[in-house]
Amino acid sequence: MTTSTPSQSNNPLHGITLENIVVRLADHYGWEKLAQKVNINCFKNDPSVKSSLKFLRKTPWAREQVENLYLATF
């Protein structure tokens with residue numbers, strides 16, 4: 001018997017951490033191109049995975065944009 005909830009069984013990001021998403025996008029695009037695709041300061045000014053995660057965890061609209069870019073890219 002599975003215990004996954006219906007909302008998670010259809011979630012393509014289930015099991016992928018936000019850190020993995022940011023690292024993979026930064027590796028794929030580079031910070032400069034990533035900042036062009038998702039216009040947020042944590043990708044423009046002295047970007048790092050740590051600062052990006054801190055911002056994205058507090059900012060739902062920005063996290064959604066990053067997650068959507070991840071889905072569209074991979």
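The values are calculated or read from the model by the stated rules, or taken from the named source; none is laboratory data. None of these values were measured; they are calculated from a predicted model. No Cβ is skipped: glycine too gets one built from the backbone with ideal geometry, and neighbour counts run over all protein chains shown.
Of the residues making up segment 10-27, just one is over 24 Å from K44 (Cα atoms) and small (G, A, S), namely G15.
Of all the listed residues (Q36, Q65), the sole one being free of Cβ contacts under 8 Å to residues at least 60 places away in the same chain, among the polar types (S, T, N, Q) and closer than 20 Å to P12 by Cα is Q65.
Condition first: under 13 Å from L69 (Cα atoms), assigned to a helix (DSSP H, G or I) and either of a type outside the set (K, R) or touching a Gly at 6+ places or on another chain (Cβ under 6 Å) (or both). Now tell me which residues in segment 24-50 satisfy that. Once the filter is applied, which keeps residues that are under 13 Å from L69 (Cα atoms), assigned to a helix (DSSP H, G or I) and either of a type outside the set (K, R) or touching a Gly at 6+ places or on another chain (Cβ under 6 Å) (or both), segment 24-50 yields L25, A26, H28, Y29, L34, A35, Q36.
Take L53 and tell me if it is surrounded by 17 or more Cβ atoms within 10 Å (Cβ to Cβ), modelled with pLDDT of 95 or more, in a helix (DSSP H, G or I) and in contact with a Phe, Trp or Tyr (Cβ under 8 Å, 6 or more places away or on another chain).
no
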